[in-house]
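Read the figures in this text as sums done on the coordinates, not as results from a lab. Because the structure is a prediction, the values reported are computed rather than measured. Counting neighbours? That spans all protein chains shown, and the Cβs are built from the backbone with ideal geometry, glycine included.
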Amino acid sequence: MKMEDKANLPRVRIAVLGHVNVGKSALTVRYLTRRFIGEYRSNTDLLYRQTVPLDSGLLDVEIVDVSAEIENDFPIEQIQWADACLIVYSITDRESYKYATRALANMKSIQTSTSSYLIANKVDLDHLREVAETEGASLAASHGIGFCEVSVADNSPSLYKAFERLLNDSRGRPVKQRKFSVSKMIGTLIGNNDHKPIQLTQGTMVPCCKGELHKSRVLKRRQGFTATASL
Ligand SMILES: Nc1nc2c(ncn2[C@@H]2O[C@H](COP(=O)(O)OP(=O)(O)OP(=O)(O)O)[C@@H](O)[C@H]2O)c(=O)[nH]1
């Protein structure tokens, strides 16, 4: 594809939110690469960019995998940046369900136009289940959003359907009015010499250093990440 054609592709931005250890990184990498990264450690937000084929055509997708290192920190800037949010919890961790409940309530209170989807991960660990499927379904229903239970480890097809539904819904929406310069944010991420983009097979991943945008979060956070499997 020519560069100018690529530059004209519609773009959708997704923020992946959730409590620590629920599988946000594994889920994002699974969607983009179809691979499962078993041991993954990240102390900072990660931005992924990739062109994905949908039935409706090619789409430029940017996904922020939001670090949940700081408890109860509501990532408002990432949500305002995004066109859509995936809120993830683990069926084996009730705290993560509570986190998702708070996140959805906070999103409602700021009346964001961001569309959302709730994902319950780790259904392969049903013997360790702490959250019933009906609880996830009723939480999602109370916010009028989609819901599914998945196992990222087992490559559940529902995971891809959730992403595709969010992408298709967001693609059809008018361009979101943002309170800050998105191009500046992306420029900061991509242009930061300390955090060069990592080339994936089809896209890039950038450890996010959000500068002014997320100073309070980032300063408290240890920078850098390690991935024990190459993407
Ligand atoms: N059994 C099982 N383990 C999973 C699944 N998804 C992720 N994991 C594991 O859960 C752990 C946490 O996964 P991550 O993707 O790092 O989770 P995260 O939410 O990004 O974690 P933080 O970066 O700490 O917020 C890892 O050990 C994964 O291998 C799943 O579907 N089933």
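The figures follow:
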{"item": "DSSP beta bridges in region 9-166 [antiparallel fraction, %, rounded to 5]", "result": "30 percent"}
{"item": "Region 3-171, relative contact order [Cα under 8 Å, separation at least 6], %", "result": "25 percent"}
{"item": "Extended-chain gain in nm, criterion 0.36 nm per residue less alpha-carbon gap, D124 and I110", "result": "1.6 nm"}
{"item": "Compactness of region 3-171 - radius of gyration and Dmax, Cα, Å", "result": "15.1, 51"}
{"item": "Protection proxy ranking of 78-91, 17-30 - average other beta-carbon atoms within 10 Å, highest first", "result": "78-91, 17-30"}
{"item": "Extended-chain gain in nm, criterion 0.36 nm per residue less alpha-carbon gap, R165 and E95", "result": "22.5 nm"}
